[in-house]
Amino acid sequence: MTGPGWLSVVTAVAGKDLRIEFRTRSRSLTMAGFVVLVGVLFNFSIDQALVRPQDIASGLTWITLILSGLIGVGRTFAIEKEDGALAGLLLTPAPRDAIYVGKVLANFLLVYAIVLLTIGVFGLFFRLDYGNHPGALLGILAAGTLGFVALATLFGALTASTTLGESLLPILLFPLLVPMVVYGASASGRLLAGRPVAEVAGQGRMLAAFAVLAVGAGAALFGQIVEE
């Protein structure tokens, strides 16, 4: 008997995770609340007569992306382990890399929706001008989000089976995110400053390469991690 098709497994796993989140909203509401809280706190803590929000918006956006993303992605496997859903999924003949990619896809859509909310909240509170190339900015953030989600999903599977659980995830993940944050914050900062897209093309390519490598490494290692 042959197993299910690779693409059908990806869509089934992603669809399942998104349907669960749509019904429970256990992660999205927490992440959205965190984004709004960050916007409110910085709105009242920054003296806009001394500090231009445009100068700190890039770094603040990426910090919010990572911290809110950890809240959501960190619970991906913990929830499934609580009710044994992951063990049942691993008993099927579904390709392990397809399961991983499906979870990455669902997490990407969730986290990127929060990124869009972050842009809206910061734009509202700080009256930001997103420059002449909002599409390029969204592309930079999408590449960074994909790289982050790919690594966070992989390490989330690893830490879910440990006693430390979610508290171990940032310790393992943060050192690997340094290239993403450096290139992402630099590129988005330049775009927010109104610089031309050609000036950030190199950073964009590096972010895309980081995302591709993260997804590829995760797909290759996921099966070994969840079956140990």
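Regarding segment 52-70, can at least one residue be identified that is part of a loop (DSSP other than H, G, I, E, B), at pLDDT below 90 and surrounded by fewer than 21 Cβ atoms within 10 Å (Cβ to Cβ)?
Our first condition is that a residue be part of a loop (DSSP other than H, G, I, E, B); within segment 52-70, this holds for 52.
Filter once more, so that each one left must be at pLDDT below 90: 52.
Narrowing the set further to residues that are surrounded by fewer than 21 Cβ atoms within 10 Å (Cβ to Cβ) leaves 52.
Yes, segment 52-70 has at least one match.
Just to verify a result, which residue in segment 133-166, among those that are among the polar types (S, T, N, Q) and not in a helix (DSSP H, G or I), is surrounded by the fewest Cβ atoms within 10 Å (Cβ to Cβ)?
Just the residues of segment 133-166 that are among the polar types (S, T, N, Q), to begin with: 145, 153, 159, 161-163.
Checking which are not in a helix (DSSP H, G or I) leaves us with 161-163.
Details: Ser161: 14, Thr162: 11, Thr163: 7.
Here the residue is Thr163.
Return the residue satisfying two criteria in turn: it lies in segment 3-42 and is among the polar types (S, T, N, Q) and assigned to a helix (DSSP H, G or I), and of such residues it is nearest to the chain's Cα centre (by Cα).
Step one: of segment 3-42, the residues among the polar types (S, T, N, Q) are 8, 11, 24, 26, 28, 30.
If we keep only those that are assigned to a helix (DSSP H, G or I) as well, we get 8, 11, 24, 28, 30.
Numbers: Ser8: 23, Thr11: 19, Thr24: 19, Ser28: 12, Thr30: 15 Å.
The qualifying residue nearest to the chain's Cα centre (by Cα) is Ser28.
Output the number of the condition that Tyr100 fails; it satisfies all remaining conditions of (1) surrounded by fewer than 24 Cβ atoms within 10 Å (Cβ to Cβ); (2) among the aromatic types (Phe, Trp, Tyr); (3) more than 23 Å from Pro53 (Cβ to Cβ).
Only one criterion in (1) surrounded by fewer than 24 Cβ atoms within 10 Å (Cβ to Cβ); (2) among the aromatic types (Phe, Trp, Tyr); (3) more than 23 Å from Pro53 (Cβ to Cβ) is unmet by Tyr100, namely (1).
Would you point out which residue out of Leu168, Leu192 is over 14 Å from the mean Cα position of the chain (by Cα) and without any contact (Cβ under 8 Å) to a residue 24 or more places away in the chain?
Leu168
Taking segment 116-153 on its own, how many of its residues are within 25 Å of Phe77 (Cβ to Cβ) and aromatic (Phe, Trp, Tyr)?
Within segment 116-153, residues that are within 25 Å of Phe77 (Cβ to Cβ) and aromatic (Phe, Trp, Tyr) number 1.
What's the number of the condition Ala94 fails, among (1) small (Gly, Ala, Ser); (2) at pLDDT 75 or above; (3) exposed (fewer than 13 other Cβ atoms within 10 Å of the Cβ); (4) more than 21 Å from the chain's Cα centre (by Cα)?
Here Ala94 meets the rest and fails (3).
Could you list, ordered by first residue, the pairs with Cβ atoms under 8 Å in which the first is in segment 36-56 and closer than 24 Å to Ala187 by Cβ and the second is charged (D, E, K, R) and exposed (fewer than 15 other Cβ atoms within 10 Å of the Cβ), at least 6 apart or interchain?
Pro53/Arg127; Gln54/Asp129
Residue-by-condition table, conditions (1) surrounded by 20 or more Cβ atoms within 10 Å (Cβ to Cβ); (2) touching a Ser or Thr at 6+ places or on another chain (Cβ under 9 Å); (3) of a type in the set (Val, Ile, Thr); (4) closer than 30 Å to Ala94 by Cα:
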{"site": "Leu124", "(1), (2), (3), (4)": "no, no, no, no"}
{"site": "Leu168", "(1), (2), (3), (4)": "no, yes, no, yes"}
{"site": "Val181", "(1), (2), (3), (4)": "no, no, yes, no"}
{"site": "Ala198", "(1), (2), (3), (4)": "no, no, no, no"}
{"site": "Gln224", "(1), (2), (3), (4)": "no, no, no, yes"}
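Which count do you get for residues in segment 201-228 that are of a type in the set (Lys, Arg) and not in a helix (DSSP H, G or I)? Give the derivation first.
Narrowing segment 201-228 to residues of a type in the set (Lys, Arg): 205.
With not in a helix (DSSP H, G or I) added as a condition, the list becomes none.
Residues flagged as of a type in the set (Lys, Arg) and not in a helix (DSSP H, G or I) within segment 201-228 amount to 0.
The values are calculated or read from the model by the stated rules, or taken from the named source; none is laboratory data. From a predicted model like this one, the values you see are computed outputs, not experimental measurements. Backbone-built Cβ (ideal geometry, glycine too); neighbour counts: all protein chains shown.
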